[in-house]
Amino acid sequence: MEKQVALVETTTSGTASRSGRDVFFALGIIVILAVLFLPIPAFLIDVGLAFSIALSVLILMVALWIQRPLDFSSFPTILLIATMLRLSLNIATTRMILSEGNVGTHAAGYVISGFSQLVMSGDFVIGLIVFLILIIVNFIVITKGATRIAEVGARFTLDAIPGKQMSIDADLSAGVIDDKTAQLRRRELEEESSFFGSMDGASKFVRGDAIAGLIITAINIIGGIAIGYFRHSMDMSQATDIFVKLSVGDGLVTQIPALIVSLAAGLLVSKGGTRGSANQAVFGQLGAHPRALYVAALLLVVLSLMPGLPMFPFIMLAAAMAAVGYVIPRREQERLAAARAVEQEARASKEEEEKNSVKNSLKTAEIELLIGKQLSTKLLLSHQELAFRMNKMRKKFAQQYGFVVPEVRLTDDVSLPAKTYQIKVHGTVVAEYQMRIGEVMVLLGQRDVPDIPGEEVREPAFGMRAYSVPDMFVEDLKREQYTFADNMSVLLTHLSEVIRNNLPQLLSYKDMKALLDRQDPEYRKLADEICTSHISYPGLQAVLKLLLAERVSIRNLHLIIEAIAEIAPHVRRTEQIVEHVRVRMAQQICGDLSEGGVLKVLRLGNRWDLAFHQALKRDPKGEVREFDIDPRQLEEFGQEATKVIRAHLEAGERFAIVTAPDSRPYVRMIIERLFSTLPVLSHVEIARGVEIKVLGTIS
């Protein structure tokens with residue numbers, strides 16, 4: 001309740017204060033009008049003239065320092081009030097000059113007398129000439145130019161209103177701005193049109209003020225001389241001297257504020273679309289081109305060397321311009337450097353804040369490599385090389401598989417055992433290995449263990465036989481022609497194989513959309529057509545994921561889109577679409593698996609071809625409904641396949657298993673649990689013209 005009472009009291013006092021200002025302002029206007037008709041003493045005339053000069057200077061300073069013309073939107077109103085104030089004071093001084101002029105030059109107050117003495121130096125002819133020059137400068141130069149600028153500005157502003165209004169509506173419809181911003185921009189547009197329209201009319205006040213000042217001064221001179229000569233019986237020379245001094249002094253006191261206000265009006269309308277105060281606009285643009293300053297300085301130096309011209313002022317100005325041209329670029333560089341430092345500090349602060357936020361803790365890296373403390377210390381000096389080789393590996397994956405795998409986040413984890421590293425995919429640990437620091441890993445294959453102190457281990461990426469020996473025996477291993485790898489190579493090979501095994505999980509929906517956006521317009525249109533009528537975008541992503549699961553590159557995405565467009569209208573199952581795509585991409589698949597143009601294959605024997613064929617249960621339409629095989633047969637097949645495949649793998653041969661088209665997915669399903677990287681092809685996936693070498697049969 002107390003807060004409500006306080007709020008009411010505050011509101012009431014604010015209203016009263018505003019009402020008090022309104023009353024004071026109204027009284028001021030009434031006083032200005034009263035001066036037009038009522039005689040006032042010379043002391044009050046001095047106060048009024050001093051106030052008129054102070055108000056003119058204040059208007060000029062505000063016009064200099066505003067950032068944009070609309071910030072001084074009340075200028076037309078202020079200009080009218082200032083003009084009426086000068087005219088009323090001019091009439092009051094005219095009354096005093098004509099009625100009390102015979103007394104002397106102090107008849108109309110000390111302000112007019114002081115200006116007449118200061119400017120005229122006791123000679124009214126000089127004062128008259130100065131007054132006429134001020135009239136010419138104000139009326140012909142400043143007022144005429146400001147009037148023209150105001151007219152053109154008002155015309156162009158009014159013509160541009162429909163276009164600007166349509167632009168605001170378009171931005172609002174597109175969601176670029178909200179309703180509040182649109183209302184603010186519309187209000188600003190209305191204020192701009194009203195301001196420039198008012199300035200067009202207000203410029204006439206300035207022009208009329210200059211004309212009125214000239215006419216009033218002429219009337220004062222003629223009327224004053226006539227009154228002094230005929231009514232006060234003054235000599236013609238005495239009357240001319242006194243009344244011309246008073247009239248010209250009055251004109252100067254009136255025209256100097258008028259000239260100042262005209263200058264303010266000219267600055268305001270000529271500012272146009274320039275933002276910032278006048279000094280920023282002028283010095284910022286004049287000093288923004290050091291070469292121009294240097295050329296101007298050079299010209300001044302040439303002028304200083306011309307015979308008959310004074311050297312000092314030209315040399316002084318040339319030195320000043322050259323100094324400005326030298327200093328400004330360095331200050332601009334310092335300003336830009338400071339701005340960049342502030343921006344970087346703000347960005348770092350924001351990143352630190354986001355890093356420590358609760359929301360950030362919910363984010364998981366797509367690929368993360370966590371390194372134990374001792375292993376991190378070992379690789380500390382090689383962190384830059386490690387990052388370089390990981391980027392090189394990502395580039396190789398992009399060229400090989402057709403999409404950019406995510407960046408690998410490198411993290412030091414003190415909770416891990418000191419020599420251990422972990423590889424996470426989407427926050428889940430998929431691989432872990434304890435490194436032997438200070439040792440190299442010898443890849444044995446079919447060779448015997450070298451006669452060097454060490455320990456037999458398993459290579460983490462492929463599970464091959466290996467032998468770990470201290471790195472001091474590297475030269476011995478080279479002499480015996482053993483293949484070996486250091487700690488970083490072992491880690492990167494393991495990371496590479498983990499990424500290769502998890503390619504389907506790393507192809508996000510965003511990545512797929514980016515791949516489609518990079519295609520030619522025709523293929524983007526084709527993808528849009530099939531994804532709106534036959535298959536969804538997530539369905540297209542599922543096709544790509546299944547291809548990557550068998551390490552089939554999607555670099556020729558346009559061929560994949562064509563193959564999907566062929567089969568998608570007829571089938572719905574993703575697996576069937578994938579099988580059709582594989583047939584269409586047979587040339588690429590066989591080319592990637594060949595060595596020296598020869599594709600080595602391992603065939604399923606007749607027994608297992610028949611067994612898998614009989615295990616396929618079909619519906620009345622002939623489509624495979626399920627795969628039903630005796631578990632004992634499945635176990636026997638696994639044993640036979642493992643025995644044959646392992647023998648060829650240990651011999652270092654690269655090959656693929658070939659089977660019937662309808663059973664290929666199911667053979668692949670079984671083989672990948674035994675040998676995850678071994679490709680399985682169907683007979684129809686062997687491209688025309690590919691040379692085949694049969695290594696044997698699983699039978």
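Brief remarks on what is shown
- Among residues of region 383-401, those that are under 11 Å from LEU492 (Cβ atoms), modelled with pLDDT under 85 and not hydrophobic (A, V, I, L, M, F, W, C), counted: 1
- When region 689-699 is filtered for residues that are touching a residue at least 60 places away in the same chain (Cβ under 8 Å) and surrounded by fewer than 19 Cβ atoms within 10 Å (Cβ to Cβ), the ones remaining, listed by number, are VAL690, GLU691, ILE692, LYS693, VAL694, LEU695, GLY696, THR697, SER699.
- Residue in region 536-555 that is surrounded by the fewest Cβ atoms within 10 Å (Cβ to Cβ), counting only those that are touching a Gly at 6+ places or on another chain (Cβ under 8 Å) and under 13 Å from VAL581 (Cα atoms): SER553
- Residue that is part of a strand (DSSP E or B), at pLDDT 85 or above and among the aliphatic types (A, V, I, L, M), where the choices are VAL430, VAL490, VAL404: VAL430
- When region 644-681 is filtered for residues that are small (Gly, Ala, Ser) and either in contact (Cβ under 8 Å) with a residue 40 or more places away in the chain or in the same structural domain as GLU575 (by TED's automatic domain parsing) (or both), the ones remaining, listed by number, are ALA651, GLY652, ALA656, ALA660, SER663, SER676.
- Only one entry of ILE371, ILE328 meets the criterion of being at pLDDT 80 or above and surrounded by 12 or more Cβ atoms within 10 Å (Cβ to Cβ), and that entry is ILE371.
- Filtered residues of region 660-683 (kept if closer than 18 Å to GLU623 by Cα, assigned to a helix (DSSP H, G or I) and among the aliphatic types (A, V, I, L, M)): VAL667
- Meets criteria (of a type outside the set (A, V, I, L, M, F, W, C), over 25 Å from ASP511 (Cβ atoms) and in contact with a strand residue (DSSP E or B) (Cβ under 7 Å, 6 or more places away or on another chain)) for ARG607: no
- Of residues in region 437-450 being crowded, with 17+ Cβ neighbours inside 10 Å and not in a strand (DSSP E or B), the one farthest from the chain's Cα centre (by Cα): PRO450
- Meets criteria (surrounded by 19 or more Cβ atoms within 10 Å (Cβ to Cβ), at pLDDT below 70 and in the same structural domain as GLY251 (by TED's automatic domain parsing)) for GLY122: no
- Residue satisfying all of: in region 156-180; out of contact with any helix residue (DSSP H, G or I) (no Cβ under 8 Å at 6 or more places or on another chain) and either of a type in the set (Ser, Thr, Tyr) or surrounded by 13 or more Cβ atoms within 10 Å (Cβ to Cβ) (or both); modelled with the lowest pLDDT among these: ALA160
- Region 636-658: number of residues that are over 56 Å from the mean Cα position of the chain (by Cα) and either in a loop (DSSP other than H, G, I, E, B) or of a type outside the set (A, V, I, L, M, F, W, C) (or both): 10
- Residue within region 49-56 that is aromatic (Phe, Trp, Tyr) and at pLDDT below 80 present: no
- Every condition in (1) at pLDDT below 80; (2) under 18 Å from LEU593 (Cβ atoms); (3) surrounded by 12 or more Cβ atoms within 10 Å (Cβ to Cβ) holds for GLY652 except the one numbered (3).
- Of all residues in region 247-290, those satisfying the criterion of being farther than 21 Å from MET61 by Cβ, modelled with pLDDT of 75 or more and of a type outside the set (Gly, Ala, Ser) are VAL248, ASP250, LEU252.
- Any hit, region 584-602, residues being of a type outside the set (A, V, I, L, M), more than 54 Å from the chain's Cα centre (by Cα) and not in a loop (DSSP other than H, G, I, E, B): yes
The values are calculated or read from the model by the stated rules, or taken from the named source; none is laboratory data. Worth saying up front: this structure is predicted, and the values here are computed from it rather than measured. A quick note on method: Cβ atoms are made from the backbone with ideal geometry, for glycine too, and the neighbour counts reach across all protein chains shown.
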